[in-house]
Amino acid sequence: MSFTIGIVGAGAAGLGLATFLADAGHRVEILERAEAPSALGSGITLQGNALRVLRRLGVWPQVRQAGYAFDVLGLRAPGPEATVLARIDDEKVGGPDLPATLGMYRPDLTRILRERAESAGAVLRYGANVEAVEEDADSVTVHTRDGIRRRYGLLVGADGLHSRVRECLGVPGVPERTGMGIWRAFVRRPAEVTHTDLYYGGPAYIAGYCPTSEDTLYAYLVEDVQDRDLADGPAIMRELAAGYGGPWDEIRAQLDESARVNYTHFTSHIIDGDWFRGRVALVGDAAHSCPPTIAQGAAMALEDAAVLADEIAQVAAADAGSGESSAAAAPTAASLAEAFGRYTARRAPRARVVVENSVRLGQWMLDGNRDGDVPGLMREVAAVVSAPV
Ligand SMILES: Cc1cc2nc3c(=O)[nH]c(=O)nc-3n(C[C@H](O)[C@H](O)[C@H](O)COP(=O)(O)OP(=O)(O)OC[C@H]3O[C@@H](n4cnc5c(N)ncnc54)[C@H](O)[C@@H]3O)c2cc1C
């Protein structure tokens, strides 16, 4: 049986889910508030478990080609030489046949996922800012700000941190600031940078960079959260980066007034209890968020998409076998409640490990706690996210 499914939000979670569902034969529509796909953005660090879902989506060759893969994490000390303290083999949490890590330009990832979703048959509607959600016995209706109404058999809120769908459902749990803010710049890659290096010590809590292609990387500096004016970004980054040395000298030289710089606060949350109400489920940052201290947010969003699609497939198979009309485009409320319940049960414990450890790692830095067992924390996260979803 196939269903008519609405998805709010065309980020990694929404586009990944749309592809899985459209491939399974469902009629899928994505409502995205942006007027058009963005061509601008920064970089993203994707770990093996994210790559594993991208491979399942059939886009690994394109992702591999667009990004920059590596298996090593460098630790360096601030100073003119940027002395290398350690080169640690990164855990291949997606399995031995995938790189440990891949950096890429975010808009490239979104483009690849969008093209894949559309070629699977999902319909993308831009400029559709969802404002209200209402449910009746066998459908859910979505209202957009400019008066459009769309009716579906089930709906998924993949609308990110400040999810309007979550708010409409009255699900408690909103992102809270963790106390850190991050400056990021997208610049040319110094030739010597072939993997992520992290610098601890110096004026920033973390100074790091991640190559995103042969030509590019994104560099980041984490500080105490504060209200910052983006126009001051290049000067602030130059100042914060001044003592780090090594490849930072070449990165810093590119941070002139025309540099592509952005500033974001770190947040965290996770929904306690069910990640759904009635015919509506939540995925990705709408359900949970974490500071990017372990770089697992997009991986969790993609994993949510894979698991939710599995559970919806089970509903479709069961409803098809129930003898009811195969033309029906709405799953029964009871079968959806079971499927969404299984989805929450499969995802919540794993996401909680990631969220809590990401926050803990940041808190150790904020507290100046040098006794925190960072390798132990990383091992715990790696053990959990290595398990297939
Ligand atoms: C500074 C920073 C750095 C990060 N770095 C990494 C990293 O290196 N690696 C990693 O794995 N994760 C990282 N993350 C986390 C990662 O970005 C998120 O977890 C991931 O993007 C979540 O995807 P999503 O699809 O759930 O939400 P989003 O990507 O936020 O997508 C939500 C979409 O919904 C749309 N939308 C919102 N409201 C509405 C509405 N009312 N109607 C219609 N559409 C709507 C938005 O326009 C958006 O397109 C980072 C996060 C931050 C803040």
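The values are calculated or read from the model by the stated rules, or taken from the named source; none is laboratory data. This one's a predicted model, so the numbers in the text were calculated from it and none came from an experiment. All Cβ positions, even for glycine, are placed from backbone atoms using ideal geometry, and neighbour counts span all protein chains on display. Protein only, heavy atoms only, side chains kept; ligands, DNA and RNA dropped before computing areas. Shrake-Rupley method; radii C 1.70, N 1.55, O 1.52, S 1.80 Å.
Quick check on the range 235-243. Is at least one of its residues under 27 Å from Ala100 (Cβ atoms) and either part of a loop (DSSP other than H, G, I, E, B) or outside the structural domain of Ser42 (by TED's automatic domain parsing) (or both)? Within the range 235-243, one or more residues are under 27 Å from Ala100 (Cβ atoms) and either part of a loop (DSSP other than H, G, I, E, B) or outside the structural domain of Ser42 (by TED's automatic domain parsing) (or both). Return yes or no: is Ala259 open to solvent by less than 40 Å² (accessible area, probe 1.4 Å), more than 20 Å from Arg177 (Cβ to Cβ) and modelled with pLDDT under 95? Yes.
Output the residues belonging to the range 263-286 that are more than 8 Å from the ligand (Cβ to nearest atom) and either at pLDDT below 95 or in a loop (DSSP other than H, G, I, E, B) (or both). Reasoning before the result, please.
Step one: of the range 263-286, the residues more than 8 Å from the ligand (Cβ to nearest atom) are 263, 268-282.
Once the filter is applied, which keeps residues that are more than 8 Å from the ligand (Cβ to nearest atom) and either at pLDDT below 95 or in a loop (DSSP other than H, G, I, E, B) (or both), the range 263-286 yields Ile271, Asp272, Gly273, Asp274, Trp275, Gly278, Arg279.
Return the total of residues in the range 224-245 being in contact with a Pro (Cβ under 8 Å, 6 or more places away or on another chain), open to solvent by less than 20 Å² (accessible area, probe 1.4 Å) and of a type in the set (Gly, Ala, Ser). Result for the range 224-245: 1.
Scanning the range 127-145 for residues that are in a strand (DSSP E or B) and either under 26 Å from Gly67 (Cα atoms) or more than 14 Å from the ligand (Cβ to nearest atom) (or both) gives Glu134, Glu135, Val140, Thr141. Among the residues of the range 351-367, those that are open to solvent by 40 Å² or more (accessible area, probe 1.4 Å) and either more than 26 Å from Gly202 (Cα to Cα) or aliphatic (A, V, I, L, M) (or both) comprise Arg352, Val359, Leu366. Checking Leu109, Leu113, Leu154 one by one, the residue that is aliphatic (A, V, I, L, M), within 18 Å of Gly16 (Cα to Cα), more than 11 Å from the ligand (Cβ to nearest atom) and under 24 Å from the mean Cα position of the chain (by Cα) is Leu154 and no other. Within the range 292-304, residues that are within 6 Å of the ligand (Cβ to nearest atom) and open to solvent by 20 Å² or more (accessible area, probe 1.4 Å) sit with their Cβ atoms under 6 Å from residues that are part of a helix (DSSP H, G or I) and of a type outside the set (S, T, N, Q), at 6+ positions apart or across chains, in these pairs: Ala298/Ala12; Ala298/Ala50.
On the phi < 0 side of the Ramachandran plot, open to solvent by 30 Å² or more (accessible area, probe 1.4 Å) and more than 10 Å from the ligand (Cβ to nearest atom): does that describe Glu118? Before the answer, list the steps.
On the way: on the phi < 0 side of the Ramachandran plot: yes; open to solvent by 30 Å² or more (accessible area, probe 1.4 Å): yes; more than 10 Å from the ligand (Cβ to nearest atom): yes.
Yes: the conditions hold for Glu118.
Looking at the range 92-120 only, could you name the residues that are closer than 30 Å to Gly243 by Cα and of a type in the set (D, E, K, R)? Let's see the steps before the verdict.
Step one: filter the range 92-120 for residues closer than 30 Å to Gly243 by Cα, giving 100-106.
Once the filter is applied, which keeps residues that are closer than 30 Å to Gly243 by Cα and of a type in the set (D, E, K, R), the range 92-120 yields only Arg106.
Filtering the range 148-159 to residues that are buried (at least 17 other Cβ atoms within 10 Å of the Cβ) and in a loop (DSSP other than H, G, I, E, B) leaves Gly153, Ala158, Asp159.
Number of residues in the range 160-179 that are near the ligand (Cβ under 9 Å from one of its atoms) and either open to solvent by less than 40 Å² (accessible area, probe 1.4 Å) or over 25 Å from the mean Cα position of the chain (by Cα) (or both): the value is 3. Out of the residues in the range 184-223 that are of a type in the set (Asp, Glu) and in contact (Cβ under 8 Å) with a residue 60 or more places away in the chain, which is most open to solvent (accessible area, probe 1.4 Å)? Filtering the range 184-223 for residues that are of a type in the set (Asp, Glu) and in contact (Cβ under 8 Å) with a residue 60 or more places away in the chain, the one most open to solvent (accessible area, probe 1.4 Å) comes out as Glu214.
Is it fair to say Glu380 is away from the ligand (no atom under 16 Å from the Cβ), without any contact (Cβ under 8 Å) to a residue 24 or more places away in the chain and out of contact with any strand residue (DSSP E or B) (no Cβ under 6 Å at 6 or more places or on another chain)? Considered against the rule, which asks whether it is away from the ligand (no atom under 16 Å from the Cβ), without any contact (Cβ under 8 Å) to a residue 24 or more places away in the chain and out of contact with any strand residue (DSSP E or B) (no Cβ under 6 Å at 6 or more places or on another chain), Glu380 comes out as no. Residue-level check: of (1) within 25 Å of Leu102 (Cα to Cα); (2) part of a loop (DSSP other than H, G, I, E, B); (3) of a type outside the set (A, V, I, L, M); (4) open to solvent by 10 Å² or more (accessible area, probe 1.4 Å), Arg370 misses just (1). Of all the listed residues (Leu102, Leu98, Leu113), the sole one being assigned to a loop (DSSP other than H, G, I, E, B) and surrounded by 21 or more Cβ atoms within 10 Å (Cβ to Cβ) is Leu98.
To keep it simple, each residue is scored yes or no on (1) in a helix (DSSP H, G or I); (2) among the β-branched types (Val, Ile, Thr); (3) modelled with pLDDT of 95 or more; (4) not assigned by TED's automatic domain parsing to the domain that holds Gln314.
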residue: Thr19; (1), (2), (3), (4): yes, yes, yes, no
residue: Ala22; (1), (2), (3), (4): yes, no, yes, no
residue: Gly25; (1), (2), (3), (4): no, no, yes, no
residue: Thr45; (1), (2), (3), (4): no, yes, yes, no
residue: Leu51; (1), (2), (3), (4): yes, no, yes, no
residue: Gly58; (1), (2), (3), (4): no, no, yes, no
residue: Val63; (1), (2), (3), (4): yes, yes, yes, no
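Taken over the range 21-62, the residue count meeting the criterion of being within 13 Å of the ligand (Cβ to nearest atom) and aliphatic (A, V, I, L, M) is 10. One residue stands out in the range 65-95 among those that are open to solvent by less than 70 Å² (accessible area, probe 1.4 Å), farther than 16 Å from Tyr209 by Cβ and part of a loop (DSSP other than H, G, I, E, B): the one that is modelled with the lowest pLDDT, namely Gly79.
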